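Only one structure is covered here, and it is reproduced in the block below.
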Amino acid sequence: MAIDRTRRQKRTAVRASIKRLLAAAAFSVLVLSSLHLYNYLTTAEWLAVEEIQLEGVCRINPAVLETLLDDIRGQNILLISLDRYTQRIAGHPRIREATIRRVLPNRVVCRVEEREPVALIFAGRFFEVDAYGMVLGEDDLSQVLDLPIITGISKDDASEGRICKDARLQDALETLEYCKRFGGRFAQDISELKVGTGGITIVSLKENSTLLLGDSDYENRLKKYFLLRDSITEQEQSAKVIDLRFEDQVVFRNKI
């Protein structure tokens with residue numbers, strides 16, 4: 001009985017060894033096959049990028065973006081670093097967001113969202129600026145844009161391709177947003193927002209009026225004005241200056 005038990009144990013051990021050898025062989029075949037497949041896919045000519053497709057481009061010259069992406073051509077589509085090229089495209093001052101994706105076998109699609117200017121800054125010359133304070137350069141279209149002009153910003157603080165850190169510009173942009181939110185079409189008629197030591201002044205040439213906001217609490221002061229606007233008397237409507245700097249009253253007069 002002891003001899004039979006020993007023989008069974010030996011046969012079991014042999015079978016276990018054979019299974020381990022077969023498993024190791026199968027794993028080796030799998031690894032070699034994977035390496036062969038990887039080598040094939042990463043060197044295949046039919047997976048080399050041939051086409052770059054741009055989407056969402058409006059004001060930016062497409063040739064500028066194509067130049068930034070040109071060295072993608074000829075690279076294996078599986079090996080290109082999408083993050084690297086996305087960051088490169090997103091570095092353009094007029095681009096707010098960019099995404100790049102692969103389309104097999106040989107096409108790369110780059111979709112961009114351009115920054116939308118909400119005002120012009122005059123700081124030695126005109127710049128466009130978006131709602132986040134990003135200063136954009138002037139181009140041919142800038143001359144025909146119907147946007148309010150923000151004045152009083154130093155030219156040292158208006159650097160193309162950078163966020164303007166001047167707190168007064170941020171206040172002016174917030175004020176413009178409040179006018180859109182509470183005043184409807186009034187925001188479209190604003191010709192100038194002046195920023196200075198006395199705060200913000202809104203000039204509307206269409207309504208022939210000037211709003212004095214002071215240097216704080218812009219949201220509540222504008223909200224108060226637009227709530228009272230429909231009840232303003234004819235005499236008050238003829239006033240050229242509306243002073244909103246007081247907490248409990250709105251002052252109408254003909255001179256600043």
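The values are calculated or read from the model by the stated rules, or taken from the named source; none is laboratory data. Values in this document were obtained by computation on a predicted structure and should not be read as measured data. Note that each Cβ is placed from the backbone with ideal geometry, even for glycine, and that neighbours are counted across all protein chains shown.
Identify all residues within region 47-69 that are more than 22 Å from E128 (Cβ to Cβ), outside any loop (DSSP other than H, G, I, E, B) and not aliphatic (A, V, I, L, M); write none if there are none. Talk me through it step by step, then tell me what you get.
Narrowing region 47-69 to residues more than 22 Å from E128 (Cβ to Cβ): 47-53, 55, 66-67, 69.
Next, from what is left, pick out any that are outside any loop (DSSP other than H, G, I, E, B): 47-48, 51-53, 55, 66-67, 69.
Selection gives E51, Q53, E55, E66, T67.
Checking the conditions here, which among I163, I200 is among the β-branched types (V, I, T), at pLDDT 95 or above and under 27 Å from V135 (Cα atoms)?
I200
So R73 clears everything in (1) touching a Phe, Trp or Tyr at 6+ places or on another chain (Cβ under 8 Å); (2) surrounded by fewer than 16 Cβ atoms within 10 Å (Cβ to Cβ) except one condition, right? Which one?
That leaves (1) as the condition not met.
Please determine whether any residue of region 206-217 is more than 29 Å from R125 (Cα to Cα) and modelled with pLDDT of 90 or more.
Yes, there is a match, as at least one residue in region 206-217 is more than 29 Å from R125 (Cα to Cα) and modelled with pLDDT of 90 or more.
Testing P148 on (1) modelled with pLDDT under 90; (2) touching a helix residue (DSSP H, G or I) at 6+ places or on another chain (Cβ under 7 Å), one condition comes back false. Which one is that?
(1)
Being closer than 22 Å to A123 by Cβ and more than 23 Å from the chain's Cα centre (by Cα) narrows it down to one of I202, I242, so name that one.
I202
Which fully enclosed strands (runs of 3 or more DSSP E) of region 70-163 have 1 or more residues being touching a residue at least 60 places away in the same chain (Cβ under 8 Å)?
Working: elements: 95-103, 107-114, 117-122, 126-130, 149-151.
Passing ranges, in order: 117-122.
In this structure, is T67 hydroxyl-bearing (S, T, Y), at negative phi and more than 21 Å from the chain's Cα centre (by Cα)?
Considered against the rule, which asks whether it is hydroxyl-bearing (S, T, Y), at negative phi and more than 21 Å from the chain's Cα centre (by Cα), T67 comes out as no.
Specify which of the listed residues (A44, A98, A63) is under 30 Å from V118 (Cα atoms) and either touching a Ser or Thr at 6+ places or on another chain (Cβ under 9 Å) or surrounded by 12 or more Cβ atoms within 10 Å (Cβ to Cβ) (or both).
None of the other options fit; the residue is A98.
Answer yes or no as to whether A158 is touching a strand residue (DSSP E or B) at 6+ places or on another chain (Cβ under 9 Å), among the small types (G, A, S) and on the phi < 0 side of the Ramachandran plot.
Yes, satisfied.
Here is a list of conditions, (1) among the hydrophobic types (A, V, I, L, M, F, W, C); (2) closer than 23 Å to I242 by Cβ; (3) in contact with a Ser or Thr (Cβ under 7 Å, 6 or more places away or on another chain), and A119 meets all of them except one; can you say which number that is?
The failed condition is (3).
Would you mind stating whether Q188 is out of contact with any Lys or Arg (no Cβ under 7 Å at 6 or more places or on another chain), modelled with pLDDT under 95 and over 30 Å from A123 (Cα atoms)?
no
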